[in-house]
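Input: a single structure, listed below in structure tokens.
The values are calculated or read from the model by the stated rules, or taken from the named source; none is laboratory data. The structure displayed is predicted, hence computed values, not measured ones. Note: ideal-geometry Cβ built from the backbone for every residue, glycine included; neighbour counts use all protein chains shown. Note: areas computed on protein heavy atoms with side chains; ligands, DNA, RNA excluded. Shrake-Rupley method; radii C 1.70, N 1.55, O 1.52, S 1.80 Å.
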Amino acid sequence: MTNSVRAEVITIGDEILFGQITDTNTAWIGTELTNIGIRVVRKTSVGDQDNAILQALNEAHQRADVIIITGGLGPTKDDITKKTLCTYFGVGMVRNETALALVTGFFEKRGREMTDLNRGQADLPANAVYIQNDWGTAPGMWFEYEGRVYVSLPGVPFEMKHLMSNRILPKLTEHFETPIIKHKMIRTVGIGESFLAERIEAWEDALPDHIKLAYLPSFGGVKLRLTATGTDNAQLDRELAEQVANVMPLIRKNVYGFDNDELETVIGTLLIEKKQTLAAAESCTGGYLSAQITKVPGSSAYFWGSVVSYSNSVKESQLGVKSETLAQHGAVSEETIRQMAEGVRKALSTDVGIATSGIAGPGGGTPDKPVGTVWIACATEQRTVTRLLKLGQYRDQNIQLTTTYLLNMLREELLNQ
């Protein structure tokens, strides 16, 4: 077995800590490092202060074999990464002529004047190995120091990704002998994390030492991530497939897909396979349900449209809900949701109609129907199924959970046809 190589990712920039931009770099870097057998053990974000950066570098040196740094390489005074790296390594700054020629060509090609600040981007710590950035002026840098590898990259995501993919990852695979790390994701819906853990406890306890299981809960579902480590790629694939086969009899009802499958994508595939069309009637979800369905490319092949019927008058005029139903049972009721699903199916001439109606919150609840009371329905030519959901107090969560539960209801109905 090859030795495990550990990595730490350090992102630099006040704008990340202030919440002015979302840090997407660390997630992407973590995935790419894992794919080449390097395990990320820590991710750290620090502001544009030299003491904070130095402390982060010192701490990372104790934990990791590879330290990836992004950000702080621009031409302005607040970009202090290079100067701080000089302090950390105890070296001075030198001008790299190759980097200068690239920066000069970058500005000449665009017909722009180059300032001294721009020329300064060609100044690198004396111990840096220059890594050419084909898509920008901020250079990449590679350092080897006290048995560790340090990589400094620009924070702009498309520049960072190009450098990582084309320069850094190949260089890391040459520098380190790494194990193979393989992931297999099992995606479940309609079962809570604790219930799922109890159901598969014996299977989990029997996993070999080199295969680890992680629970990744989300709205309405849990992803099970199997991670296998070894030296034989084909063997790891076989072992992961065997473990999936072993657990499936325990959780098959709740499994909707694997790896990158999304619930709405799986449903789209089922609708196409069965040559079925779909329409939606939404009240409490306010269009979110339709947005999830239509974010799948090619969804126009099976999704005819939707009616967002917030008012009772729209439920009556567009969906055919009877006025006496609304008067007697209310908009949030089994009787109303049944008529909404059947009505939108008829109105849009589709094979399947689905519907939501509930009290998403934070107001509008009553003792009989508190916030989080939601009805969902799925109507086909053969039958209409309904379900009462008793959710929580938070509007956004209620909308997302309602959508997930209804999409899963639709999936189950399609599978039962």
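Annotations
- For the chain, the longest principal axis of the alpha carbon atoms and the long axis of helix 334-347 meet at an angle near 80°.
- Folded to 0 to 90 degrees: helix 233-251 orientation relative to the chain principal axis, Cα: 30
- Where GluC sites (Glu not before Pro) fall in DSSP loop in the stretch 63-143, at most 12 other Cβ within 10 Å: Glu113
- Where (i) 1.09; (ii) 0.98; (iii) 1.06 are the candidate values, the label of the one calculated here for Rg/Rh (Cα atoms, Kirkwood Rh) is (i).
- Each Cα pair under 8 Å and six or more residues apart adds its sequence gap; the mean of these over the residue count of the chain is a relative contact order of 11 percent.
- Label zone at Lys83 (point 7 Å along Cα-to-Cβ), backbone N below 14 Å, the stretch 46-71: 48-54
- Total formal charge among the other residues, if their Cβ is under 9 angstrom from that of Leu124, Lys/Arg +1 and Asp/Glu -1: +1
- Excluding same-chain neighbours fewer than eight residues apart, the lysines reachable from Lys390 by a Cα-Cα span under 21 Å are Lys369.
- Here's the picture: charge each Lys and Arg Cβ at +1 and each Asp and Glu Cβ at -1 in the chain, and of Ala99, Ala281, Val374 the one pushed furthest to the positive end of that dipole is Ala281.
- Cα centroid separation - the stretch 139-187 against the stretch 6-57, whole Å: 13
- Rel. contact order, % - alpha carbon contacts under 8 angstrom, at least six apart, the stretch 288-400: 20
- Rounded, prolate or oblate (a/c below 1.5 giving rounded, otherwise prolate when a/b exceeds b/c) for the stretch 306-362 by Cα gyration tensor: prolate
- Per residue, the accessible area of the stretch 38-98 comes to 48 Å² when a 1.4 Å probe rolls over the protein heavy atoms.
- Trypsin sites (Lys or Arg not before Pro) restricted to DSSP loop in the stretch 335-390 with at most 15 other C-beta within 10 Å: Arg383
- Sparsely packed loop sites in the stretch 31-106 (the trypsin sites (Lys or Arg not before Pro) outside DSSP H, G, I, E and B with at most 12 other Cβ atoms within 10 Å) comprise Lys77.
- Measuring against 32 Å, Cα to Cα, the residue pairs Lys274/Lys315; Lys43/Lys77; Lys223/Lys346; Lys253/Lys322 contain Lys223/Lys346; Lys253/Lys322 as the ones spanning a longer distance.
- Each Cα pair under 8 Å and six or more residues apart adds its separation to the average, and for the stretch 2-45 the resulting relative contact order is 62 percent.
- Debye, to nearest 20: dipole size of the chain, +1 on Lys, Arg Cβ, -1 on Asp, Glu Cβ: 700
- Other residues lying with their Cβ under 11 Å from the Cβ of Gln235 contribute a combined charge of -2, Lys and Arg counting +1, Asp and Glu -1.
- Solvent-accessible area per residue for the stretch 274-415 (1.4 angstrom probe, square angstrom): 45
- Overall, the accessible surface of the chain at a probe of 1.4 angstrom is composed of carbon and sulfur to the extent of 48 percent.
- Computed about the Cα centre, the dipole magnitude for the stretch 96-163 is approximately 220 debye when only Lys and Arg (+1) and Asp and Glu (-1) carry charge, each at its Cβ.
- Helix 25-35 vs. the chain, principal-axis angle (Cα, 0 to 90°, nearest 10): 90
- The chain: antiparallel DSSP beta bridges as a percent of all, rounded to 5: 60
- A helix-only calculation puts the chain at -12000 deg cm²/dmol for mean residue ellipticity at 222 nm, using -39500 (n - 2.57) for each DSSP H run of at least four residues, averaged over all residues.
- Net charge over other residues, Cβ less than 11 angstrom from the Cβ of Pro362 (K, R count +1; D, E count -1): 0
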